[in-house]
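This report refers to the structure that appears directly beneath it.
The values are calculated or read from the model by the stated rules, or taken from the named source; none is laboratory data. Quantities reported herein were computed from a predicted structural model and do not represent experimental measurements. Note that we place each Cβ from the backbone using ideal geometry, even for glycine, and neighbour counts take in every protein chain shown.
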Amino acid sequence: MAKKIIKSLPDMAKARNRVDLPTVKIDEVMVTTRVAKFAQGRRYLIKTFGCQANIRDEEIMAGYLEKAGFTRTEDEKAANLVIVNTCAVRENAEEKVLGEIGKYKANHAKDKSFVMCVCGCMMQEEGVAEKIVATYPYVNLIFGTHNVSNLLDLLDEHLEKNKDLIDVISYPGDIVENLPSSRLDPYKAFVNITYGCDKFCTYCIVPYTRGRERSRAKEDIIAECKELVEAGYQEITLLGQNVNSYGKDFKDGTSFADILEEVAKLGIPRLRFMTSHPWDFDDKMIDTIAKYPNIMHFIHLPVQSGSDEVLRRMGRRYDKKAYLDLVAKIRAKIPDCAISTDIIVGFPDETDADFEETLDVCRKVGYFSAFTFIYSPRKGTPAAVMKDDVDAKTKHERFVRLVATIEESVSAKANAMVGHTYAVLVDGPSKKDSDLLSGYTETNKLVHFKAPTYLKGHIVDVKIDESHTYSLIGTLVGDPLSYMAKDIAKCLGEEEVVKAYFAAKKAFDEDLSLKEINAKISAKQKEMMDFSAKNDTDNYEKAKAEYLKAKQSYDGHPLVNNLLAAQDDLEPLLKEVEARLK
Ligand code: SAH
Ligand code: SF4
Ligand code: F3S
């Protein structure tokens with residue numbers, strides 16, 4: 001009997017297909033007794049390469065494994081089940097992946113029940129799964145981006161039949177809801193709004209590895225975001241290969257601006273989104289970003305190239321002028337908006353003049369940050385068969401010049417931040433110096449500063465002292481405890497009795513009849529003092545009678561009684577706070 005069961009293998013022609021309509025499936029998350037028994041006492045580890053789509057897949061796979069009973073470990077040697085979650089966007093990403101799989105040979109040698117899984121975008125490429133099983137015979141499960149939600153079923157079948165399985169489907173793709181999730185960060189969350197991509201930029205493998213562009217229903221996105229807000233998350237990033245396309249597949253006028261606005265209204269302190277395609281970035285999106293203070297003034301707007309001819313061959317659907325006009329429009333409405341980008345150098349037959357156009361865009365935009373790549377041919381994409389007479393040395397020289405040009409604006413923008421104070425969401429201890437904390441500004445700039453670790457997850461003010469181009473050094477503004485106090489105040493403010501008290505207080509403060517009564521009480525008190533000083537007993541008694549009448553109407557006023565009752569209701573909560581502070 002064959003040791004491997006090949007259930008399906010990827011097919012690039014099928015992956016190109018965009019015909020069928022997607023279906024929405026509700027996952028039941030079934031854990032068989034076999035899987036649950038196996039998971040007992042076993043630890044899993046997931047190594048993820050690539051973009052946020054893969055990070056989110058990792059969280060979902062972690063969700064399945066934890067539902068089954070596995071616990072997470074970061075210790076490679078201690079892992080009983082490892083998943084290598086791969087990226088196919090460039091060739092070097094693949095090389096790293098192969099090295100990673102090689103690391104777990106010892107786990108297999110030590111523990112015969114060790115389960116080695118490989119998944120992600122690279123598996124969606126033809127021939128890769130076969131190459132992996134031939135090179136690494138201890139790989140037990142191979143699956144793709146479309147069947148992440150089958151992880152536990154595949155594991156069950158592997159355990160039941162004692163066989164290795166390959167199941168990589170190429171089809172446009174469905175939407176699965178009710179996915180379990182074990183999020184990697186307690187304060188910052190990614191939320192998928194669209195899956196896949198229909199842009200088919202000629203260099204890019206993503207439309208083949210992730211399938212057709214499909215939007216999640218608005219209600220499902222809102223429900224997920226609401227849960228995150230309630231759980232105390234500070235930041236949500238709405239994810240899609242091209243977020244601007246959100247809702248277009250519903251054909252009912254829904255747009256990205258709508259979902260952005262609805263999520264902003266949920267009150268998440270920081271809202272981000274990525275990635276935006278310059279082609280269909282409309283005015284409504286710009287207006288929405290400008291309107292809500294919790295939508296961060298940071299836009300990742302990949303330009304890829306500044307040359308109209310290269311952009312045309314890339315299939316990007318905009319030219320240099322359209323891109324620069326869009327940037328100008330964004331800056332006109334959101335003057336402090338930071339813009340970052342992705343740029344590919346050395347696209348087939350890129351000339352020196354083409355490359356100069358790219359440098360020109362960089363100088364004109366003044367990017368806040370940028371990811372730069374040397375073009376990497378991807379088998380099955382149209383660009384992979386384009387003629388390319390540019391040698392590797394020229395490409396490398398251009399890459400070095402591009403990085404230097406970008407650094408000019410990155411450095412100028414970072415230097416301009418010195419001396420100013422910015423809100424920073426604290427991630428925790430800094431990776432480069434554990435005595436420091438680090439976090440990101442609203443414009444996504446990394447800042448290191450000294451402060452107590454209990455500020456993790458808080459948004460604090462930091463004054464920037466020094467720029468190191470790609471990161472900043474700063475000083476915390478204010479007493480660290482004051483941020484905690486604000487938090488306590490916020491929590492208390494959510495208690496019903498506190499809300500009722502403030503409502504009663506507002507009604508009390510704003511009532512005109514009470515203002516009149518109060519004015520009368522003060523006036524009569526003053527009269528009483530004056531008449532008493534003059535020994536004018538008659539008038540004194542008259543003023544006193546009017547004073548007592550006014551006092552009586554004050555004491556009997558319903559808004560006064562409401563406020564007193566609300567104060568009484570608050571008493572137990574205040575006692576509790578007092579007891580905890582002792
Ligand atoms: N959907 C996003 C991200 C796609 S992948 C977008 O459209 O911007 C992230 C980046 O990888 C791309 O923006 C592009 O700059 C780069 N990239 C994609 N394919 C590549 C290739 N074949 N060679 C080099 N870089 C590539
Ligand atoms: Fe790739 Fe273009 Fe889609 Fe981005 S928009 S994922 S670069 S095909
Ligand atoms: Fe890589 Fe797949 Fe993302 S190819 S960049 S992990 S969509």
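Quick rundown of the values:
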| quantity | calculated |
| --- | --- |
| Unique residue being of a type in the set (Gly, Ala, Ser), within 16 Å of ligand 3 (Cβ to nearest atom) and either assigned by TED's automatic domain parsing to the domain that holds Asn85 or more than 34 Å from the chain's Cα centre (by Cα) (or both) when the list is Ala134, Ala129 | Ala129 |
| Scope region 231-249; condition in contact with a Cys (Cβ under 7 Å, 6 or more places away or on another chain) and either surrounded by fewer than 21 Cβ atoms within 10 Å (Cβ to Cβ) or farther than 17 Å from Pro269 by Cα (or both); matching residues | Gln241, Asn242 |
| Test: Asp252 is away from ligand 1 (no atom under 16 Å from the Cβ), part of a helix (DSSP H, G or I) and surrounded by fewer than 19 Cβ atoms within 10 Å (Cβ to Cβ) | no |
| The listed residue being in the same structural domain as Val385 (by TED's automatic domain parsing), within 22 Å of the chain's Cα centre (by Cα) and surrounded by fewer than 15 Cβ atoms within 10 Å (Cβ to Cβ), out of Pro278, Pro293 | Pro293 |
| So Ile169, is it within 16 Å of ligand 3 (Cβ to nearest atom) and over 29 Å from Pro348 (Cα atoms) | yes |
| Selection from region 551-582 of residues that are modelled with pLDDT of 90 or more, among the small types (Gly, Ala, Ser) and over 15 Å from Glu516 (Cβ atoms) | Ala565, Ala566 |
| Yes/no for Gly144 being buried (at least 18 other Cβ atoms within 10 Å of the Cβ), under 21 Å from Ser181 (Cα atoms) and within 16 Å of ligand 1 (Cβ to nearest atom) | no |
| Flag for Thr421 being at pLDDT 95 or above, β-branched (Val, Ile, Thr), within 24 Å of Val365 (Cβ to Cβ) and more than 17 Å from the chain's Cα centre (by Cα) | no |
| Which numbered condition Leu326 misses (of (1) over 20 Å from Asp280 (Cβ atoms); (2) within 16 Å of ligand 2 (Cβ to nearest atom); (3) among the hydrophobic types (A, V, I, L, M, F, W, C)) | (1) |
| Selected residue (only one of Ile169, Ile222 is closer than 19 Å to Arg18 by Cα, away from ligand 2 (no atom under 16 Å from the Cβ), hydrophobic (A, V, I, L, M, F, W, C) and in contact (Cβ under 8 Å) with a residue 40 or more places away in the chain) | Ile169 |
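Residue by residue, here is whether (1) outside the structural domain of Arg90 (by TED's automatic domain parsing); (2) closer than 22 Å to Thr275 by Cα; (3) in a helix (DSSP H, G or I); (4) within 16 Å of ligand 3 (Cβ to nearest atom) holds:
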position: Ile330; (1), (2), (3), (4): yes, yes, yes, no
position: Pro335; (1), (2), (3), (4): yes, yes, no, no
position: Asp342; (1), (2), (3), (4): yes, yes, no, yes
position: Lys379; (1), (2), (3), (4): yes, no, no, yes
position: Ala384; (1), (2), (3), (4): yes, no, yes, yes
position: Asp389; (1), (2), (3), (4): yes, no, no, no
position: Glu397; (1), (2), (3), (4): yes, no, yes, no
